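Student: One structure, as structure tokens, below. Some questions next.
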Amino acid sequence: MNWLKKTLRFGEKIKQLLKKRPSKTDIENSDWASCCKGPIKKTDLEDNLWVCPGPCGKHFRISSNQRFDLFFGKNNYEILKTPIPADDPLEFKDSSPYIKKLNAARKKTNQDCAVMIAKGKVENIDVIVGAINFAFMGGSIATSEGEAIIFGIQKAVEEKKPFIIFTCGGGQRMHESPLALAQMTRTTMAINELKENKLPYIVCLTDPTAGGITASFAMLGDIQISEPGALIAFAGRRVIEGTVKEELPENFQKAEHVLDCGFVDNIIPRKDLSKKIGKVLSILLKKNSEVNSENNEQTPEFNIGTREAS
Ligand SMILES: [Zn+2]
């Protein structure tokens, strides 16, 4: 029966090894991340704008503050305080009270809600920018997030500045149910104000943008940009596969496929976003000559016609 004892002992060893696997919090607090070439130091990743330097070029998810640091440059922008409506209007509870989850998300991210609004300059053009943090309850949109976006847009209208938003998130937050769904209409109406005032609205989709976010403010940009490899979807892949009963392409719902389908105008690597968005704005605001003379360039390089007509 020696073989039986040996097998049981081997099973125990495997169990112990599995028990030792790091938790999600351990991974988040670690100095290391993991990508195609194995472990990578987070400081090296940060030096590379949170993009994998390996062949995969993965654009890691970043917080709202990190986004502003990259887009405007560190300490080169002002965070605007956005209104925060009363917490937990429905007194929602599932596995634990919503208010507990909300407070944990605030502590973890050091943000009041998933959306932050900042003002600053990009390529010498004054802009108002919104950025969603996926680490705050999956970047989901509830009343505070809706208010923040609307506040940013109102500010843009008042100060006659373009509005840019970096989207991510799974959709509307179920803990605020119809109130969260109402933010789809409210943000859409606010964007209409921007358009009536002839102010540019640029959307940059980042990984992952899905659900009610895709079905409202994330798809209404005058120019739709995406970071490489971002997941852009409404319903999930399995739901669609089960509905259409067809095999879907491997890169289905990835930015590159969405570009081919005509839902985004261009895919721009993170390192080029400020420059290219600045260029788009200079065209939309008819400031070409001003920007070009400063940059000593003859013609704008931004190409929004990269997809082929089908
Ligand atoms: Zn990689």
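Student: Quick check on my filter: what residues within the stretch 82-140 are part of a loop (DSSP other than H, G, I, E, B), of a type in the set (Val, Ile, Thr) and farther than 17 Å from Phe163 by Cβ?
Tutor: Ile84
Student: Okay, moving on. Return only the number of the condition from (1) under 24 Å from Ala131 (Cα atoms); (2) free of Cβ contacts under 8 Å to residues at least 40 places away in the same chain; (3) of a type in the set (Gly, Ala, Ser) that Gly57 does not satisfy.
Tutor: Only one criterion in (1) under 24 Å from Ala131 (Cα atoms); (2) free of Cβ contacts under 8 Å to residues at least 40 places away in the same chain; (3) of a type in the set (Gly, Ala, Ser) is unmet by Gly57, namely (2).
Student: Kindly evaluate Lys13 against the criterion of being assigned to a loop (DSSP other than H, G, I, E, B) and away from the ligand (no atom under 16 Å from the Cβ).
Tutor: no
Student: So in the stretch 21-73, with the set limited to residues that are more than 10 Å from the ligand (Cβ to nearest atom) and of a type in the set (Gly, Ala, Ser), which one is surrounded by the fewest Cβ atoms within 10 Å (Cβ to Cβ)?
Tutor: Across the stretch 21-73, the extreme among qualifying residues is Ser23.
Student: Looking at the structure I just gave you, is Ile150 out of contact with any Ser or Thr (no Cβ under 6 Å at 6 or more places or on another chain), closer than 22 Å to Pro208 by Cα and part of a strand (DSSP E or B)?
Tutor: Taking the combined requirement at face value, the residue does not satisfy it.
Student: Related question: Just the residues that are free of Cβ contacts under 8 Å to residues at least 60 places away in the same chain and of a type in the set (Ser, Thr, Tyr), please, taken from the stretch 171-186.
Tutor: Thr185
Student: Here is a further query. So Ala114 clears everything in (1) crowded, with 18+ Cβ neighbours inside 10 Å; (2) within 21 Å of the chain's Cα centre (by Cα); (3) more than 21 Å from Glu145 (Cβ to Cβ) except one condition, right? Which one?
Tutor: Result: Ala114 fails condition (3) only.
Student: Which one of the conditions (1) part of a strand (DSSP E or B); (2) within 30 Å of Ile125 (Cα to Cα); (3) among the β-branched types (Val, Ile, Thr); (4) within 16 Å of the ligand (Cβ to nearest atom) does Ile79 fail to meet, given that it meets all the rest?
Tutor: In the conditions (1) part of a strand (DSSP E or B); (2) within 30 Å of Ile125 (Cα to Cα); (3) among the β-branched types (Val, Ile, Thr); (4) within 16 Å of the ligand (Cβ to nearest atom), Ile79 misses (4) alone.
Student: Assess whether Ser274 counts as being polar (S, T, N, Q), in a helix (DSSP H, G or I) and buried (at least 20 other Cβ atoms within 10 Å of the Cβ).
Tutor: Against the criterion (polar (S, T, N, Q), in a helix (DSSP H, G or I) and buried (at least 20 other Cβ atoms within 10 Å of the Cβ)), Ser274 does not qualify.
Every number here is computed from the coordinates shown, using simple stated rules; none is lab data. Treat the numbers as computed from the prediction; the structure is a model and nothing was measured. With ideal geometry, Cβ positions are generated from the backbone for all residues, glycine too; neighbour counts draw on all protein chains shown.
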